[in-house]
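Before any comments, here is the structure.
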Amino acid sequence: MKIHEFQAKEILRKAGVAVPRGMVARTPDEAASAFRDLGGKLAVVKAQIHAGGRGKGSIKTNPAQHGVQLVKSADEAAKVTGNLLGQPLVTLQTGPEGQTVRQVLVEEGCQIDRELYLGIVVDRATAGPALMVSAQGGMNIEEVAAHTPELIFRERFHPDAGLLSFQARKLAAKLGLKGASVASAEKFMRGLCRVFVQQDCSLAEINPLVVTKSGELLALDAKMTFDDNALFRHKDLAELRDLAEEEPAEVRAANAGLSYVKLDGNIGCLVNGAGLAMSTMDLILLHGGSPANFLDVGGGANVDQVTEAFRILLSDKNVKAVLVNIFGGIMRCTTIATAVVEAYKQVGFNVPLVVRLEGTEVEEGRKILAKSGVDIISATGLTDAAQKVVRAAA
């Protein structure tokens, strides 16, 4: 689960991690009031969407308007906010359609001496969290990772012990920090690592992490995501979810107990098992097609869930053909076959449907489909299914 920058900063603030003062605004008047309440001569208006690259991003209908802008008066804060609210902001992470800005963060300015990078992820190789830092912070950290990865330094830490003092000081030295900045860095890094573990994060990223003229470290930006499987023990975090920022079809699928991710292709996929779903997508690509989604109905889905899965697939206007690829283990092929027939009755198929069934009750499932009168292209193997659905989509 993703949250907004202002929400992440509030979590950090409560944990004692240094962040600038700021206020959320949902109207131009609120932005002007926030500027006055912050009491400075300089502030930053930052569009709040679930995507990075907002500083370089721009409003789709007005490319001169960027997602992060400096303002020097309450009137200017109101004007910038008015130009952002309700408009689609396009960044490298949103796609060409962008994401609609519904609120902004008005934040006090600060005297920046240096910009650094700090991030925490789960290291799958060691099954534990790892802290990464770089002196090359700011908007181009992706280029640093791609071209000069040696400039990114890592320290793995145990979830129970947290980041140890010597580890924080070692990273501070790698960043070239000296004097009071070392103590500030140690407090900041250890505090963020505690938050990462305590809140069951899957990502915590501060970019840029700035060193002020006074030597203090401050989170100028904050990005946090959380493990969905752990939200049952974080009711407060679950309340921060912003459904308006999520793909509606993905929300609909989650409510039905389905694992669905929307993609940009034109071949809908309905598969049971994440591994088989990934293999199916790979084969479609191998044979010249493009998957429109990842969809795993799981091993225990019932007819209603599978029917809903068809509704979601067929609601995508880009889908030109659908591939149903089922290996019946726990999931019975008769369940899928019955769901295909029900979906045809309730929704109708306006695109070609390729079905490949194997496993438990496969013969019974094939008989159900054969007697149904539904126009189906049958496939006998993975390669056969992929080739047929690619041809059908074309």
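Below is a table of values for the structure above.
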| read-out | value |
| --- | --- |
| Qualifying residue in region 47-58 (condition: over 18 Å from LEU92 (Cβ atoms) and either free of Cβ contacts under 8 Å to residues at least 60 places away in the same chain or crowded, with 21+ Cβ neighbours inside 10 Å (or both)) | no |
| Single unsatisfied condition, ASP282 versus (1) crowded, with 16+ Cβ neighbours inside 10 Å; (2) charged (D, E, K, R); (3) free of Cβ contacts under 8 Å to residues at least 60 places away in the same chain | (1) |
| Set GLU107, GLU97: member being crowded, with 16+ Cβ neighbours inside 10 Å and not small (Gly, Ala, Ser) | GLU107 |
| Test for LYS178: is it over 28 Å from the mean Cα position of the chain (by Cα), assigned to a helix (DSSP H, G or I), surrounded by fewer than 16 Cβ atoms within 10 Å (Cβ to Cβ) and on the phi < 0 side of the Ramachandran plot | no |
| Some residue of region 235-257 being modelled with pLDDT under 95 and either assigned to a strand (DSSP E or B) or over 21 Å from the mean Cα position of the chain (by Cα) (or both) | no |
| Top-ranked residue in region 121-135 [being within 17 Å of LEU175 (Cα to Cα) and surrounded by fewer than 18 Cβ atoms within 10 Å (Cβ to Cβ); ranked as nearest to the chain's Cα centre (by Cα)] | ALA130 |
| Residues located in region 110-120, provided they are loosely packed, with under 15 Cβ neighbours inside 10 Å and assigned to a loop (DSSP other than H, G, I, E, B) | GLN111 |
| Residues located in region 19-39, provided they are buried (at least 18 other Cβ atoms within 10 Å of the Cβ) and assigned to a loop (DSSP other than H, G, I, E, B) | VAL19, PRO20 |
| Close pairs from region 5-30: first more than 13 Å from MET224 (Cβ to Cβ), partner crowded, with 16+ Cβ neighbours inside 10 Å and among the aromatic types (Phe, Trp, Tyr), Cβ under 7 Å, at least 6 apart | ALA18/PHE188; GLY22/PHE6; VAL24/PHE6 |
| Condition check for GLY16: in a loop (DSSP other than H, G, I, E, B), small (Gly, Ala, Ser) and either within 29 Å of LEU237 (Cβ to Cβ) or in the same structural domain as TYR117 (by TED's automatic domain parsing) (or both) | yes |
| Test result for ALA277, in contact with a Cys (Cβ under 8 Å, 6 or more places away or on another chain), closer than 26 Å to GLU97 by Cβ and either part of a helix (DSSP H, G or I) or not assigned by TED's automatic domain parsing to the domain that holds LYS388 (or both) | yes |
| GLY176 being of a type in the set (Gly, Ala, Ser) and in contact with a Ser or Thr (Cβ under 7 Å, 6 or more places away or on another chain) | no |
| Looking only at region 333-365, and only at residues there that are under 33 Å from the mean Cα position of the chain (by Cα) and β-branched (Val, Ile, Thr), the one that is modelled with the lowest pLDDT | VAL347 |
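Quick grid of which residues meet (1) touching a Leu at 6+ places or on another chain (Cβ under 7 Å); (2) part of a loop (DSSP other than H, G, I, E, B); (3) more than 29 Å from GLU108 (Cβ to Cβ); (4) without any contact (Cβ under 8 Å) to a residue 40 or more places away in the chain:
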residue: GLY138; (1), (2), (3), (4): no, yes, no, no
residue: GLN167; (1), (2), (3), (4): no, no, yes, yes
residue: GLU186; (1), (2), (3), (4): no, no, no, yes
residue: VAL197; (1), (2), (3), (4): no, no, yes, no
residue: SER202; (1), (2), (3), (4): no, no, yes, no
residue: VAL210; (1), (2), (3), (4): yes, no, no, no
residue: LEU218; (1), (2), (3), (4): no, no, no, no
residue: ASN229; (1), (2), (3), (4): no, no, yes, yes
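The values are calculated or read from the model by the stated rules, or taken from the named source; none is laboratory data. Computed from a predicted structure; not experimentally measured. Note that we place each Cβ from the backbone using ideal geometry, even for glycine, and neighbour counts take in every protein chain shown.
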